[in-house]
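The values are calculated or read from the model by the stated rules, or taken from the named source; none is laboratory data. What you see is a predicted model, and the numbers here were worked out from it, not measured in a lab. FYI the Cβ positions are ideal-geometry reconstructions off the backbone, even for glycines, and counts take in every protein chain you see. Note: accessible area is taken over every heavy atom of the protein model, side chains too, but ligands, DNA and RNA are not part of it. Shrake-Rupley method; radii C 1.70, N 1.55, O 1.52, S 1.80 Å.
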Amino acid sequence: MKPLKGKHILITRDERQNERWAAELAVLGAIPHSLPLIQCVTRNLTPALRETFAHLHQFAWVVFTSANGVRAFFDLYKGQPFTAKVAAVGPKTAQLLEEQGLHCDFIPSEYTGEALAKELVPLLAPHSDVLVVKGQLAKRTVCDILSSSDRQATVTEMIVYDTLCPAGAEEQAKRLQQKTFDYVTLTSTSAAVHYANVAPAAGIRAKTIACIGPVTARAAKQCGLSPLVTASEYTVKGLIDTILNDIGE
């Protein structure tokens, strides 16, 4: 018997990421529904970004805090492969880097920005130049930890994409034929905020909110969303496993 048979699950990721996840859920018997509440838009190549790209050779480490950061970075960067060591927040981010021909030198044991920064510190030479690639909503946690450590790294932020709520998301939510879901999945703080803004007007109800990790769960709680289950492995697979555990499978 398929463990998620008949379960209505709402996926709220970026539209281009929803299709594969929907297929994985369908194999388990779920009835997936898509409501993209995140849109990641690569920034224009400004003179400041162009200048940073031109000086990539000066950085000892380039740190990618999300898979979307990798996509946006290489949307903009058309130069030669660089020699800096590369750190990624998690395996999906590392996989995308490998697809771009970059070996990932470091992945933290826990896939969060805080763990990424704290575990990277011992690997830095004193006064290293570090480039942190991120979106506009990402907190300064990674930069602050690296720059304030005993290694006294010189950290440059590089914002390469903006995270937005897709235009027309509320209308799309209202058009959903299914309004009550066994699980609504949230994979970022932005998704939590956008869902809390969109769902009430569209009449959407979630029996359970499934969060990809504690940072997303904290944002969901602040938005008044409940009840929550939170993945202990901060990946899509971990989130699916959490749903399976929650229903006793």
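Assorted remarks:
- Qualifying lysines (Cα of each under 22 Å from Cα of Lys174; at least 8 residues distant if same chain): Lys7, Lys207
- In order through the range 48-53: 3J(HN,Hα) via Karplus (6.51 cos²θ - 1.76 cosθ + 1.60), integer Hz, x for Gly, Pro: 5, 5, 4, 5, 5, 4
- Label reach from Lys179 (point 7 Å along Cα→C-beta): in the range 202-227, amide nitrogens under 20 Å belong to 202-209, 225-227.
- Amide N proximity, the range 75-108 versus Leu137 label position 7 Å along Cα-to-Cβ, cut-off under 16 Å: none
- Computed magnitude of the charge dipole of the chain (debye, nearest 20; Cβ of K, R +1, Cβ of D, E -1): 640 debye
- The peptide list 188-201, 215-228, put in order of mean Cβ contacts within 10 Å with the highest first, becomes 188-201, 215-228.
- Take the Cα of Ser149, step 7 Å toward its Cβ, do the same at Val121, and the gap between the two points is 0.7 nm.
- Potential lengthening of the chain between Glu51 and Thr83 amounts to 9.8 nm, from the contour at 0.36 nm per residue minus the alpha-carbon distance.
- Accessible surface calculations at 1.4 Å, restricted to protein heavy atoms, place the chain at 49 Å² per residue.
- Inter-label distance, Gln172 to Lys5: 3.2 nm, where each label sits 7 Å from its Cα along the C-beta direction.
- The distance linking the range 134-174 with the range 59-126 is 14 Å (Cα centroid to Cα centroid, whole angstrom).
- Relative contact order for the chain, counting Cα pairs under 8 Å that sit 6 or more residues apart, in percent: 18 percent
- Ranking Gly168, Thr141, Gly248 by Cα position along the charge dipole of the chain, where only Lys, Arg, Asp and Glu carry charges on their C-beta atoms, puts Gly168 farthest toward the positive end.
- Reachable lysines, given that their alpha-carbon falls under 20 Å from the alpha-carbon of Lys134 and they are not under 8 places away in the same chain: Lys78, Lys85, Lys92, Lys118
- Under 5 Å from the amide H of Val86 lie the amide H atoms of Val62, Asp105, Phe106, each residue being 5 or more positions distant or on a separate chain, with H modelled from the backbone and absent for Pro and chain starts.
- Dividing the summed -39500 (n - 2.57) terms of all DSSP H runs of n ≥ 4 by the residue count of the chain sets its mean residue ellipticity at 222 nm at -11500 deg cm²/dmol.
- Measuring r between the beta carbons of Thr156 and Lys221 and using R0 = 30 Å, the FRET efficiency lands at 0.35.
- Structural descriptor for the range 54-115: relative contact order 33 percent, calculated from alpha carbon pairs under 8 angstrom and at least 6 residues apart.
- C-alpha center-to-center spacing [the range 182-197, the range 200-216] in angstrom: 5 Å
- Counting only protein heavy atoms and a probe of 1.4 Å, the accessible surface of the chain is 49% carbon and sulfur.
- Trypsin sites (Lys or Arg not before Pro) within the range 75-154, DSSP loop, no more than 14 other Cβ atoms inside 10 Å: Lys78, Lys139, Arg140
- D (Stokes-Einstein, µm²/s), Kirkwood Cα radius, the range 93-178, 1.567 mPa s at 4 °C: 85 µm²/s
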